[in-house]
Amino acid sequence: SSDSQWQVAFACFSFGGMGSTTVMAKITQQNLIGLPWTRSTMNKTCEWILNELPLDETSLGGQPEYRRTLIQSFLFKFYTYVCCELRQTTIDATDNSIAYPYRRPISHAQQTIPECPQSQKVVGTSLLHQSGYLQATGEATYVDDIPSLTNTLHAAFVLSTKPNARIKHIGMKSEIFPLIR
């Protein structure tokens with residue numbers, strides 16, 4: 001234009017996730033043509049798109065607030081990208097990083113581990129289990145070695161030699177089980 005501002009000659013916006021299929025913001029596209037490429041124009045564009053593609057709380061897919069914010073974020077990222085490509089100085093220097101993906105240099109690290117004396121090295125040597133000496137000398141106490149208290153009740157499974165059989169009688173002889181009456 002005559003005042004050395006860039007103007008929008010053509011616009012095409014289509015979004016997925018704003019309806020059951022991908023939708024185009026035709027009214028917003030038409031409204032943009034002929035407007036200067038400025039931050040205020042982009043703010044108006046966000047308003048137009050949100051009005052043209054409304055999402056309420058009952059919209060399919062849920063998260064309407066997130067999707068509205070996502071559209072605005074895409075538009076702002078597009079705006080900063082175009083400004084950087086046109087070498088427009090109207091955007092803040094802090095916004096320049098939005099236009100292009102951040103390229104991080106390759107990470108590198110170094111760790112130095114001091115040499116251990118042979119007496120402290122663990123690799124290649126056998127380590128004794130803490131209870132190894134007790135088990136080897138017979139001093140270890142196992143559950144079966146603990147004497148039962150008086151009046152301790154013992155239980156055992158009564159098994160059948162036939163599958164799905166009913167147990168009709170359990171024969172207990174007093175000479176085998178002297179404490180049972």
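The values are calculated or read from the model by the stated rules, or taken from the named source; none is laboratory data. Please read these numbers as outputs of a predicted model, since none were measured by experiment. Ideal geometry is used to build each Cβ from the backbone, glycine not excepted, and the neighbour counts take in all protein chains shown.
See the values below:
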{"item": "Any hit, the stretch 141-150, residues being at pLDDT 85 or above, on the phi < 0 side of the Ramachandran plot, of a type in the set (F, W, Y) and in a helix (DSSP H, G or I)", "result": "no"}
{"item": "Selected residue (criterion: nearest to A9 (Cα to Cα)) from residues of the stretch 30-50 that are surrounded by fewer than 13 Cβ atoms within 10 Å (Cβ to Cβ) and among the polar types (S, T, N, Q)", "result": "Q30"}
{"item": "Criterion (surrounded by 12 or more Cβ atoms within 10 Å (Cβ to Cβ) and among the β-branched types (V, I, T)) met by exactly one of I71, I106, I113", "result": "I71"}
{"item": "Scan of the stretch 44-71 for residues that are hydrophobic (A, V, I, L, M, F, W, C) and in a helix (DSSP H, G or I), ordered by number", "result": "C46, W48, I49, L50, L70, I71"}
{"item": "Where P101 falls short, out of the listed (1) touching a residue at least 12 places away in the same chain (Cβ under 8 Å); (2) in a loop (DSSP other than H, G, I, E, B); (3) surrounded by fewer than 16 Cβ atoms within 10 Å (Cβ to Cβ)", "result": "(1)"}
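For (1) assigned to a helix (DSSP H, G or I); (2) in contact (Cβ under 8 Å) with a residue 24 or more places away in the chain; (3) under 37 Å from the mean Cα position of the chain (by Cα), each residue gets a yes or a no:
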residue	(1), (2), (3)
T21	no, no, yes
S40	yes, no, no
L75	yes, yes, yes
P105	no, no, yes
